């Protein structure tokens, strides 16, 4: 598996799935900008880059692809 995703959609061809690297970069940039106001941007960037590191695992990627029969029962509340 060469491509890692952070978020998926119902799209079978994955054209609109968010890449994990893009997600981590976006979050770290936003966190850094917020934390810059209290001189903690370095820490926020570091935390942003690592906040979803677990999504880089095979079980999470299988979950996104619906390949491991795990169903998120709570997703109906936030979709």
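The values are calculated or read from the model by the stated rules, or taken from the named source; none is laboratory data. Remember, predicted model here, so these are calculated numbers, not experimental data. Virtual Cβ from ideal backbone geometry, glycine too; neighbours counted across all protein chains shown.
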Legend entry - Some residue of region 1-20 being modelled with pLDDT of 90 or more, in a helix (DSSP H, G or I), under 10 Å from the mean Cα position of the chain (by Cα) and surrounded by 12 or more Cβ atoms within 10 Å (Cβ to Cβ): yes
Inset, instruction - Identify, from the list 34, 77, the residue that is at pLDDT below 90, more than 16 Å from the chain's Cα centre (by Cα) and assigned to a helix (DSSP H, G or I). - result: 77
